Amino acid sequence: MTQVIEAPDIHQAIKQTVGSPFTHKPKISTRNVDVFYDDKQAIFDVSLDIGSHEVIALIGPSGCGKSTYLRCFNRMNDTIQSCRVTGEFRLEEEDIYARGMDPVLLRARIGMVFQKPNPFPKSIYDNVAYGPKLHGLASNRAELDEIVVSSLQKAGLYEEVKDRLNASGTGLSGGQQQRLCIARTIAVSPEVILMDEPASALDPIATATIEELIDELRQNYTIVIVTHSMQQAARVSQRTAYFHLGKLVEVGDTNQIFTNPQHQLTENYITGRFG
Amino acid sequence: MNSTTLLVTLIGLAILAYLYGRKRSLAVAVASGGVRHLHSLPRYYGYMTALWCGLPAMIVLLLWSMLEPAVLNQQLIASLPVDVQNLPESQLGLYLNDLKLIAGSAEQAQQADQVKIDATVYLQHMQELSAWFKTALVLVLALAGIIWGASRISQHFQARNSVEMVTRIILMLSSGIAVMATIGIVLSVLFEALRFFEAVPVWDFLFGLEWSPQTAMRSDQVGSSGAFGAVPLFLGTMMIAAIAMLIAVPLGLMTAIYLSQFATPQFRNFAKPVLEILAGIPTVVYGFFAALTVAPLIRTMGESLGLAVASESALAAGIVIGVMIIPFISSLSDDVINAVPEAMREGSYALGATRAETVRKVIIPAALPGIVGGVLLAVSRAIGETMIVVMAAGLAAKMTANPLDAVTTVTVQIVTLLTGDQEFDSPKTLAAFALGLMLFVTTLILNVIALYVVRKYREQYE
């Protein structure tokens, strides 16, 4: 059961996704997704549902396509010319890749937090107010103030920065910067938050803070998180999806994936045989 | 040997010294069990030997060449008869020149008197002697350097460190030369300008409203009173620079934004080189483009609107200068815009910003210091531009704010003041230095303001 499978056999080994990729009343549903960079295929026939108010972790070895897949949800791949996406993406009932769907409005509904904290070189206040201003979410200064404060509070950053909202966002520590980026994302009231290895550039204490935050955010948002750390996936997520070489190998409840994986590749990965 | 041959010989010796030093160190390496047991790589021992050979000899050669004429002159004067020695400075100079001419040509020698011929013979003798000593000294020093350098090669000698120390000193001297040149230029302009201000009060120069630098060369000349009020010139300069910036900053910036953010790679690959060609056109060519195409065009257009337009106008010059500096602004801005990290862009897109909003609210603020720098460089180009103004805006120093009038600029006046046969101590020529000083101070102030602006509004990423 635990012998290592050689590379040519792997595509044979992943014929069909194991586990339970589909849920009742999904927030986002994806069907038969293929992604190509020029002629090179990065994602092969992935079908997966994201349930409402759940944290789903996408795990897998480097280069398995989990980030590429994540960036399809808010059409960030549109900015890469050579990238082509086929298949079906639905946010509730709306087709994400429909002709009439404006990626700009879509991104207001599906926010994203990046691997490396990337606050704008502006004040903390302006960083958070950036999105609400773009989308006209506040009609006056008082409302804007309220959005900024409540977003910072939800991101667990307000107490630390309330005296220096006009200081530059880039002057914060790495962990604080990442929470600022989360606050910035929350401020446009998205329905879904995508997180691309949000803690990989942070120290363990900052990571723990971010993980607690993710757990709290689940009350109000649906979260898809890509992570390299299996412990992190186990700590923060309810469901886990394991990707390998652009294919979705196994999906299931996080507990089940980590204690009783069905697929041999999943077991190899979580027991540290490769990664 | 003359100095050039000597220099070439010295370089040849240094190359030999390098080879010798390298070979010696290799021999040492073999003796001590391989190159890895040497402190430095063999080539460093070569460099060190070459430096010992070349450097002291070079310094001596340089000093000798610099001091030789003065010492020889002194010796020569001492050898001359007393009545010649007592001649006034200027006549003594002429006399010495004579001697050098005689030494140079047989024809001159036939007409000269005995005293001069004797002196010439003495001079030639001294020159030969000096050349001989110089050659001997330099060569001995070079050879001694090789021997000394080679004798220091041993397993533990830190050749790399000493070569690097010499390199560091050479680098330091080089930067010192640049700094000294700057100081020297400023001082020379300053002193000439001070001489000008002895003749014309500073106040009249800075705030005078009339510029008419013709001074009388003879007392009976009329109509050449000489008025040195620089205001019309600065007004003209500022007007032309302002027109140019009005054209270049928006066009250049928008070009940069389009090329870096919106254009397809194909268009970018075509447009960038074409823009760079624009930067390579000589200003004279721009000048006749301005004078023959743009100025008449403005004139006809102005006349059809019922405006009086001079055939040479500030507008024509300003527009053409503006076109000339577009590539400066666009390519510098393009570089700084591209230097804004991709993460900034993605962060903005992910919040639902369009490309245009991202450019306006994130990229431009982040790139601002660089853009201001580019604009400033362009301003100093616009202020310093001479050729286009001469050809398209004329020479008339008029107090006017009308861009359709002929005006002149500071740099154009400097050129006209200093071309042709001029006395070098009249206020007319010295005025050029005062103008130069003013121009220098103006650009300095501009730089200081820009530095302040950049520091204040910079949005630092990372």
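Throughout, read-outs are computed from the coordinates displayed, never taken from laboratory work. Here the structure is a predicted model, which is why all the values come from computation and not from measurement. Please note: Cβ atoms are built from the backbone with ideal geometry, for glycine as well, and neighbour counts cover all protein chains shown.
Expressed as a rounded percentage, what relative contact order does region B:227-457 have, with Cα pairs under 8 Å and six or more residues apart?
Computed value for region B:227-457: 31 percent relative contact order.
Kindly count the pairs of lysines across region A:27-270 whose alpha carbons are less than 30 Å apart, treating pairs on different chains or eight or more residues apart as eligible.
Counting lysine pairs in region A:27-270 gives 22.
Once amide H atoms are placed 1.01 Å from N in the peptide plane, what residues at a sequence separation of 5 or more from A:L58, or on another chain, have their amide H within under 5 Å of its amide H?
Here the answer is A:I225, A:V226, A:T227, A:A241, since their amide H atoms fall under 5 Å of that of A:L58.
Let me know the mean shielding of B:361-369 by other chains, meaning the per-residue number of their Cβ atoms within 10 Å of its Cβ.
2
Check cross-link reach from A:K25 to the aspartates and glutamates: straight Cα distance under 13 Å, and skip same-chain residues fewer than eight apart.
A:D49, A:E54, A:E92, A:E93
Please identify the GluC sites (Glu not before Pro) of region A:29-113 that satisfy two criteria: DSSP loop assignment and at most 12 other Cβ atoms within 10 Å. Which are they?
A:E92, A:E93
R0 = 30 Å: FRET efficiency of A:R273 with A:A208, Cβ-based, nearest 0.05?
0.65
Calculate the dipole size of the protein assembly as shown relative to its Cα centre from +1 charges on Lys and Arg beta carbons and -1 charges on Asp and Glu beta carbons; express the result in debye to the nearest 20.
My answer is approximately 1460 debye.
Using a 10 Å Cβ count of at most 14 others and DSSP loop calls, identify the longest part of chain A lacking such chymotrypsin sites (Phe, Trp or Tyr not before Pro).
So the longest stretch without any such site is A:23-273.
Which angle between 0 and 90 degrees, to the nearest 10, do you get for helix A:124-135 versus the longest principal axis of chain A when only C-alpha atoms count?
Once rounded, one gets 80 degrees.
With helices defined as uninterrupted DSSP H runs, which ones in chain B have an alpha carbon span along their own long axis of at least 18 Å and mean Kyte-Doolittle hydropathy of at least 0.0?
Span-like helices here: B:3-31, B:42-79, B:89-104, B:114-151, B:159-199, B:231-257, B:265-280, B:314-339, B:364-384, B:427-457.
Return one number: the angle in degrees, 0 to 90 and rounded to the nearest 10, between the long axis of the Cα atoms of helix A:141-154 and the longest principal axis of the Cα atoms of chain A.
Around 40 degrees separate the two axes.
A:K122's amide H: which non-local residues (gap 5+, or another chain) put their own amide H closer than 5 Å, with H modeled 1.01 Å from N in plane and none for Pro or chain starts?
Here A:G169, A:T170 satisfy the definition.
If you take each beta carbon of peptide A:184-197 and count the beta carbons of other chains within 10 angstrom, what is the mean?
Partner-chain Cβ atoms within 10 Å, mean over residues of A:184-197: 1.
Along the charge dipole of region B:280-378, which of B:M324, B:T358, B:L292 sits closest to the positive end, that is, farthest toward it, with unit charges on the beta carbon of Lys, Arg, Asp and Glu (+1, +1, -1, -1)?
Selected residue: B:T358.
Under the definition of partner shielding as Cβ atoms of other protein chains within 10 Å of a residue Cβ, what is the mean value for peptide A:111-118?
Per residue, the number of nearby Cβ atoms from other chains is 4 on average.
Between B:H39 and residues 5 or more places away or on another chain, which pairs have amide H atoms under 5 Å apart, with H built 1.01 Å from N, and which residues are they?
B:F157
Please list, or write none, the lysines whose alpha carbon is within less than 29 Å of the alpha carbon of B:K116, excluding same-chain residues fewer than 8 places away.
Within the straight-line limit of under 29 Å, B:K116 reaches these lysines: B:K100, B:K134.
So for region A:27-270, taking the charge dipole from beta-carbon charges (+1 Lys/Arg, -1 Asp/Glu), which of A:N118, A:A201, A:M230 sits furthest toward the positive end?
The Cα lying farthest towards the positive end belongs to A:N118.
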